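Visitor: Here it is: the structure, laid out below.
The values are calculated or read from the model by the stated rules, or taken from the named source; none is laboratory data. Values in this document were obtained by computation on a predicted structure and should not be read as measured data. Here Cβ is always computed from backbone atoms with ideal geometry, including for glycine, and neighbour counts include all displayed protein chains.
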Amino acid sequence: MSILIVGANGQLARHTTARLLAETDSRLTLFLRRASRLPNPDPARVTIVEGDATNEAALTVAMKGQDAVYASLAGEMGQQARAIVGAMHRAGLKRLIFISSMGIYGEVPGESYRSILDPYRDSAAVIGASDLDYTILRPGRFTRGPSIDFTITHKGEPFKGHDVSMNSLAYLIAKLCLSPSLHVRSSLGVSN
């Protein structure tokens, strides 16, 4: 399997890359803004591509020959989501795992997240309106715990907990990348 990781220098993306390399035989393409910031962890299986996630043409080129796209981004997330959806259409790809944030639907009991989550809401709306085989993940705050222990809630259900280990998320992301029909067209809250 070939997987494109967009936003590959982020902490969750780096954690997921390590898990995919250790536990699968997948080939990875790591897409990030400044390639010099990320050493190649396995030149036999990893290609590093420099590019901006708002550049649909660059994304389309990086998507050639891929089976799945995993995106973990920040910044202009609505614009990035539109570029990813457009590039996936142009490249003929369907499977997308997209990282958002807990709280975008007001689903966290006792919490009121305002404008800070607007980029996450905007990108989730773009992805959710697409015809892709997407899974949007809405994780809690990242922890560094070693365990794989998480709870999934679906859109419209109250979020449970607040934290989730990067190890749990990397496990779930790898499983979703390797299972094209698992949780398709779903938005999942993920917490411990």
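Visitor: Among the residues of region 68-93, which ones are in a loop (DSSP other than H, G, I, E, B) and in contact with a Ser or Thr (Cβ under 9 Å, 6 or more places away or on another chain)?
Guide: SER72, LEU73, GLY75, GLU76
Visitor: Go through the residues of region 88-103 one by one and say whether even a single one is out of contact with any helix residue (DSSP H, G or I) (no Cβ under 7 Å at 6 or more places or on another chain), within 21 Å of ASN192 (Cβ to Cβ) and buried (at least 19 other Cβ atoms within 10 Å of the Cβ).
Guide: yes
Visitor: Provide a single number: the residues in region 115-152 that are outside any loop (DSSP other than H, G, I, E, B), more than 20 Å from ALA71 (Cα to Cα) and touching a residue at least 12 places away in the same chain (Cβ under 8 Å).
Guide: 1
Visitor: Separate question: Just need a number here: residues in region 168-192 that are in contact (Cβ under 8 Å) with a residue 24 or more places away in the chain, under 14 Å from the mean Cα position of the chain (by Cα) and either in a helix (DSSP H, G or I) or buried (at least 17 other Cβ atoms within 10 Å of the Cβ) (or both).
Guide: Residues that pass the stated criteria total 15.
Visitor: On to the next question. Taking region 117-161 as the search range and keeping residues that are touching a strand residue (DSSP E or B) at 6+ places or on another chain (Cβ under 6 Å) and among the basic types (Lys, Arg), which one is surrounded by the fewest Cβ atoms within 10 Å (Cβ to Cβ)?
Guide: ARG141
Visitor: Among the listed residues ILE136, ILE116, ILE127, ILE152, which satisfies the condition of being at pLDDT below 95 and farther than 21 Å from ARG27 by Cα?
Guide: ILE116
Visitor: Taking region 51-66 as the region of interest, how many residues are in contact (Cβ under 8 Å) with a residue 40 or more places away in the chain and surrounded by fewer than 17 Cβ atoms within 10 Å (Cβ to Cβ)?
Guide: Result for region 51-66: 1.
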